Amino acid sequence: MSTQFALLGLISTEPTYGYELKKLYDCLFGGDKPILPGQLYAVLGRLARDAAIEKVADTGASAGPERTRYAVTDLGNERLLAWLDQPEPPAPTLQATLYMKVVLALMIHGDAAPFLRAQKSAHIARMRELIARRREANLAERILLDNAIFHIEADIRWMDMTASRLTNLKEELWTAM
């Protein structure tokens, strides 16, 4: 996910303070990896530099330190809407790490089945964790968890299919080298 567009989208609903952006981002998109304050303010700095957001006056009369609110500019809104209208491409490369490990395990150990079994076991354990979390999650988080679970299921199907083809793959690799 593009952090800059997520922040632009959050700010587009109303001018917002950095701290509130962090809380909202973490709640909606953070999942297992909340945004770090340094990352948040670095992205906000780039968005301001590129004229996608601007700092707006804080109309609150608080006795505390001055706080900065951010608002989306017309240019930022145009970029956000263009990004939203652009479909996301499927997996950008064919150089998946799991595939790479299968090939290297075949080359080094002569067998990738132990790697695939261990990897499948790790995937299943993670999927069980996510399924358990999904039982207590609100709808927005369930949708996010479903996305992760479905990706894990696809990886598991790929591992099963690959395990059934290891002998042929090993022969093909040795012939190609």
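The values are calculated or read from the model by the stated rules, or taken from the named source; none is laboratory data. What you are looking at is a predicted structure, and each value in this text was computed from that prediction instead of being measured. Cβ placement follows ideal geometry from the backbone for every residue including glycine, while neighbour counts extend to all protein chains displayed. Keep in mind that these areas ignore ligands, DNA and RNA; they rest on the heavy atoms of the full protein, side chains included. Shrake-Rupley method; radii C 1.70, N 1.55, O 1.52, S 1.80 Å.
So, of the residues in segment 118-151 that are in contact (Cβ under 8 Å) with a residue 12 or more places away in the chain and more than 20 Å from the chain's Cα centre (by Cα), which turns out to be most open to solvent (accessible area, probe 1.4 Å)? Among residues in segment 118-151 that are in contact (Cβ under 8 Å) with a residue 12 or more places away in the chain and more than 20 Å from the chain's Cα centre (by Cα), the one most open to solvent (accessible area, probe 1.4 Å) is Lys120.
For Gly76, state whether it is farther than 30 Å from Leu166 by Cβ, open to solvent by less than 50 Å² (accessible area, probe 1.4 Å) and at pLDDT 80 or above. Yes: the conditions hold for Gly76. Take the conditions (1) surrounded by 12 or more Cβ atoms within 10 Å (Cβ to Cβ); (2) under 29 Å from Ile149 (Cα atoms); Lys33 misses just one of them, which is (1).
Give the residue, chosen from Ala48, Ala6, that is touching a helix residue (DSSP H, G or I) at 6+ places or on another chain (Cβ under 9 Å) and surrounded by 15 or more Cβ atoms within 10 Å (Cβ to Cβ).
Ala6
Leu24: touching a strand residue (DSSP E or B) at 6+ places or on another chain (Cβ under 9 Å), within 27 Å of Glu129 (Cβ to Cβ) and without any contact (Cβ under 8 Å) to a residue 60 or more places away in the chain, yes or no? So Leu24 fits the description; yes. Anything in segment 3-53 that is acidic (Asp, Glu) and more than 26 Å from Ile143 (Cα to Cα)? List them, or say none. Asp50 - this is the single residue of segment 3-53 that is acidic (Asp, Glu) and more than 26 Å from Ile143 (Cα to Cα).
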